[in-house]
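Notes for the one structure printed next.
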Amino acid sequence: MQEIASYVDVLIVGAGPVGLLMAYQLAKFGGVSVRIVEQHPKSTQDAYGRAITLFPRTAEMLDQLGLADELLQSCFACRDTVAYDANGQEVYGRGWSFMNHMKDTAFDFALVLRQKFQEEIFRNGMKKYGVRVEAPVQLTTASVDQSVSQVTAILLDHASETYETVRCKYLIGCDGGHSSVRRIFHIPFEGSATEDKWVRIDGQVKTDMPKPRSYCSIESPTHGNVLWVALDRGATRIGYAFTDDRANAYSEFDEAAAVEEAVAAVKPFHIEFERVDWWTIYTVGQRIAKNFFINDCVFLAGDACHTHSSAAAQGMNTGIHDAVNLAWKLSLKLRGVASIDLLKTYETERLPNVKRLIQYDKDISLLMTNRLPEKWQGKLDDVNVVLGHLLEEASAFTSGLGISYEIRKDNALNVEGSFGSSQPSPVRPGVRGPDISLLRPGTFEPTRLIRELPNTAAFTVLVFARERKPAIPEMIYEETSNSPFLQSLIAEGYLRFITILPERTPSPYEFLGHEPLGRAYIGGDDKTAYRRYGIKSSEGALVVLRPDGWIGTMIDVGRLPILVLTYYLRSIFPGCDI
């Protein structure tokens with residue numbers, strides 16, 4: 001067995017969607033060497049099943065990364081939901097009905113595409129930047145040199161039976177619930193498994209159910225709140241609880257048994273499987289890693305640091321949020337412009353949201369097996385009604401549109417700023433920047449903010465111009481152009497400006513009396529863009545968007561705006577301190 005030595009900036013372990021997306025982003029942002037290894041061969045990875053649903057915020061983030069178009073070409077865009085009671089009667093306000101209210105986004109639907117096909121799109125995107133998955137290659141051990149925060153990893157290539165020593169600046173474990181990275185570094189995986197077992201089965205079916213091409217729940221007295229989802233390529237997923245009473249009828253639970261139970265689970269409707277693509281049975285549980293970032297050089301992401309049921313379809317969505325939150329931060333650190341403090345915000349921001357998901361998942365998974373949560377104190381006792389209420393209550397979180405990051409003294413990314421809206425608005429630092437509709441100058445063709453702001457690991461300053469003159473105070477132009485620090489960030493591609501105008505004009509230059517800062521767009525005919533951000537068109541404001549699309553800070557244009565902006569950015573880019 002030959003041992004080879006090599007060096008890379010980032011070694012990613014695990015080539016599921018989270019690992020693939022992490023590698024894709026780092027390669028796309030540039031200036032970083034990256035490798036990604038997977039211990040299973042691609043034929044095993046290509047199983048049809050596993051995750052299927054991308055919610056709106058996830059789709060928005062993938063859109064900014066240039067991946068959404070390919071996903072949309074292949075997916076089933078599910079906008080219809082339905083819930084049926086035990087008698088097959090349609091009931092309202094239950095099950096997945098919250099999905100009907102996913103608004104304020106172009107992706108106002110569930111993007112349903114089986115994981116195999118999503119991964120293929122991510123792989124192809126990664127290949128464009130010269131990165132390929134190395135498989136079957138296993139991480140056997142790893143250690144950290146604390147004096148330089150560098151990782152030494154030993155890889156085993158099962159095809160050639162050769163070992164390789166890899167030295168890297170950062171190691172990222174995206175290797176699932178049985179993570180070797182988490183195990184090697186003895187990171188506690190806290191939580192528990194339940195006795196509950198669930199089955200998921202995908203295939204082509206015939207049915208007399210009235211609305212089969214929907215996101216559906218069937219309130220079964222024997223199989224819990226049964227999941228029925230219209231999949232890509234005309235397929236269907238059925239998911240149900242598999243109780244001990246049902247299990248006692250089988251000496252062996254195989255594909256035939258999974259089909260038989262699926263037929264029973266959807267009663268009073270009838271189904272016939274024409275083909276089974278994939279099925280699984282698994283034990284429900286919730287676990288969370290004690291740390292997502294250790295030794296200043298080892299990260300966990302996705303199922304490697306949090307596992308839970310598939311009850312709310314959050315697994316892959318949460319993992320993608322991890323990957324998008326981390327990749328741009330790591331890219332900036334590796335390119336020498338950010339400090340280790342920026343990397344520490346990964347755990348600071350993601351851990352509270354994952355903890356919230358875990359608690360939410362515990363309650364939902366119980367309700368989906370026809371049991372009330374242990375500490376339930378509400379007046380309702382119908383599990384299906386309670387489930388509908390809980391899903392609706394958590395809808396902003398589930399869709400991802402309401403996921404936010406706290407304003408904290410130890411996190412320079414989310415800062416209160418000098419702007420205070422005089423209008424009621426949920427928009428503030430730490431929340432998603434709304435994807436407002438804009439018009440292009442001249443043609444007045446409609447576009448969207450997200451489409452005009454691809455994620456390149458750059459911060460964006462939205463300059464909301466005023467109706468009154470000067471539309472943008474002269475000092476903003478002067479101090480921006482005279483700041484070596486800001487000009488350096490712009491020249492290196494770490495900062496960009498977008499000017500938003502309050503009304504149509506034949507010439508942005510004539511409206512402003514000056515060249516716009518960055519590209520100019522019109523904020524709609526009715527000033528919706530201004531209202532959505534809580535900004536008066538008579539006053540204007542600066543809004544700083546992080547690379548991942550969350551609002552970093554909001555700045556009053558009349559109160560030393562460039563000084564405030566510079567102070568904010570200096571805390572993030574100490575490596576560009578000029």
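The values are calculated or read from the model by the stated rules, or taken from the named source; none is laboratory data. These numbers come from a predicted model, not from an experiment. Every residue, glycine among them, receives a Cβ derived from its backbone with ideal geometry; neighbour counts consider all protein chains shown. Heads up: the accessible areas ignore ligands, DNA and RNA and are worked out on the full protein's heavy atoms, side chains in. Shrake-Rupley method; radii C 1.70, N 1.55, O 1.52, S 1.80 Å.
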Cα centroid separation - region 146-190 against region 3-43, whole Å: 12 Å
So how compact is region 347-448: Cα radius of gyration and Dmax in angstrom? 19.1, 60
Let's see if you can work this out: charge +1 on each Lys and Arg Cβ, -1 on each Asp and Glu Cβ, no other charges. What is the dipole magnitude of the chain about its Cα centre, in debye to the nearest 20? 1200 debye
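What percentage of the solvent-accessible surface of the chain, computed with a 1.4 Å probe over protein heavy atoms, is contributed by carbon and sulfur atoms?
Details: 11170 of 23080 Å².
Accessible surface attributable to carbon and sulfur in the chain totals 48 percent.
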With a ≥ b ≥ c from the Cα gyration tensor eigenvalues, square-rooted, and the rule rounded for a/c under 1.5, otherwise prolate when a/b > b/c and oblate otherwise, region 477-578 is prolate
Where the Cα pairs of the chain fall when distances are cut into 20 Å bins, in %: 20, 50, 27, 3, 0
What does the net charge come to around ALA247 if you take all other residues with beta carbon closer than 12 Å to its beta carbon, with K and R at +1 and D and E at -1? -4
If the convex hull of the alpha-carbon atoms of region 246-388 is projected onto planes in all directions, what is the mean projected area in square nanometres? 12.9 nm²
So for region 406-546, using the alpha carbon gyration tensor with a ≥ b ≥ c as root eigenvalues (a/c under 1.5 gives rounded; past that, a/b versus b/c decides prolate or oblate), I'd call it rounded
May I ask you to derive the relative contact order of the chain, considering only C-alpha pairs under 8 Å and at least 6 residues apart, and to give it as an integer percent? 15 percent
Taking Rh as the Kirkwood radius, which is the inverse of the mean 1/r over Cα pairs, what is the Rg/Rh value for region 72-224? 1.10
Restraint check, LYS197/LYS267; LYS128/LYS355; LYS197/LYS355; LYS355/LYS409; LYS329/LYS409, Cα-Cα greater than 28 Å: LYS128/LYS355
Per 0.36 nm of contour for each residue apart, how much would the distance between SER481 and GLU515 grow if the chain were fully extended, relative to their Cα-Cα spacing? 11.0 nm
At 0.36 nm per residue, and after removing the present C-alpha to C-alpha distance, how many nm does the segment from GLU503 to LYS211 gain when stretched out fully? 100.7 nm
Taking a ≥ b ≥ c as the square roots of the eigenvalues of the Cα gyration tensor of region 172-309, is the shape rounded (a/c under 1.5), prolate (a/b larger than b/c) or oblate? prolate
